[in-house]
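Single-structure report; data block below.
Derivation of every value follows stated rules applied to the coordinates shown; laboratory data play no part. Keep in mind the model is a prediction, meaning the values are calculated, not measured. Positions of Cβ are backbone-derived with ideal geometry, glycine not excepted, and every protein chain shown enters the neighbour counts.
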Amino acid sequence: VLRALLLAPPGAGKGTQGERIAEIYGVPHIATGELLRNQVELRTPAGEMAKDFMQRGELVPDDLIIGLVLDQVADDEPLPGFVLDGFPRTMTQARAAYEWASANDRTFHAVIRLEVPTDELVERLLERGRIANRVDDTAETILRRLSVYSDSTAPLVEFYRARAILVEIDGTGSAQDVTSRIRSRLDELDLD
Ligand code: ADP
């Protein structure tokens, strides 16, 4: 069973690929952006707290997101497999994830890094802003999210490279091509 996470900037295709990979490997897809948008919609205390951060393109506080994700991966007992999409995004989150995973015998098999040039990311996000109604897909917020990614999330690449679970994937081309690239790399792994 697969335990993987997607590590990539906004617009790189985390959502699309996360969904496909989860389906192929028969595990739940846990997307933190979606979880948070649901909480906002439902006006839960977590949603009320997260709302302004999200609208500005800032990360929500670590404690909040760590609590939400741990609830998902450990309902009654720890889920055997999952694809995490959008978590962890800070070193504090990465450490919390690792602590949970080692304590529960659920360490990750793969951290999938999707690489897409920045100008293409901006284009994709602006396009999504035109067709979908994500309040954070505006020019200003897109730039903010990209810079938050380089400051807070990009350092995780080295963290996972050092643990030898980083899988680097070219995220350009059709969604289908990207899925095939990911699959061929995951199929080489020993998914115990
Ligand atoms: P994107 O990758 O395009 O920014 P997401 O749907 O993954 O889109 O996330 C949307 C927003 O939700 C983020 O900008 C952030 O405010 C919040 N968010 C999602 N995941 C996390 C996380 N792990 N830590 C903090 N904030 C998060």
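The fewest-to-most ranking of T179, T107 by surrounding Cβ atoms within 10 Å reads T107, T179. The label-point distance for S150 and D119, in a model that sets each label 7 Å from Cα toward Cβ, rounds to 1.6 nm. Classify the chain: rounded, prolate or oblate, from the alpha-carbon gyration tensor (a ≥ b ≥ c, eigenvalue square roots; a/c under 1.5 rounded; otherwise prolate if a/b is larger than b/c)? Judged from the Cα gyration tensor, the chain comes out oblate (a/c at least 1.5, b/c at or above a/b). Indicate the gyration tensor shape class of the stretch 108-190 (rounded, prolate or oblate), computed on the Cα atoms with a ≥ b ≥ c the square roots of the eigenvalues: a/c under 1.5 is rounded; otherwise a/b larger than b/c is prolate and the rest oblate. Since a/c reaches 1.5 but b/c is at least a/b, the shape of the stretch 108-190 is classed as oblate.
Prolate is the label for the stretch 1-110, because the ratio a/c of its alpha-carbon gyration tensor axes (a ≥ b ≥ c) is 1.5 or higher and a/b is greater than b/c. Across the stretch 15-31, coupling constants 3J(HN,Hα) worked out from phi with the 6.51/-1.76/1.60 Karplus curve, θ = phi - 60°, read x, 4, 5, x, 4, 5, 5, 4, 5, 4, 8, x, 10, x, 9, 10, 9 Hz, and Gly and Pro carry x. FRET efficiency for the pair T138 and A164, taken as 1/(1 + (r/R0)^6) with r the Cβ-Cβ distance and R0 = 45 Å, rounds to 0.70. Inter-label distance, V157 to M91: 1.7 nm, where each label sits 7 Å from its Cα along the C-beta direction. Put the Cα centre of the stretch 69-115 next to the Cα centre of the stretch 151-175 and the gap is 15 Å. For the chain, relative contact order (Cα pairs under 8 Å, six or more residues apart, normalised by length) works out to 33 percent. Rounded to the nearest whole angstrom, the semi-axes of the ellipsoid equivalent to the stretch 127-175, taken from the Cα gyration tensor as √(5λ), stand at 27, 16, 7, largest first.
Rounded to the nearest whole Hz, the Karplus-based 3J(HN,Hα) values (6.51 cos²θ - 1.76 cosθ + 1.60, θ = phi - 60°) of the stretch 83-98 follow the sequence 10, 8, 10, x, 8, x, 10, 9, 4, 4, 5, 5, 5, 5, 5, 5, with x at glycine and proline.
The loop-placed trypsin sites (Lys or Arg not before Pro) in the stretch 1-90, going by DSSP, that have at most 16 neighbouring Cβ atoms within 10 Å of their Cβ come out as R43.
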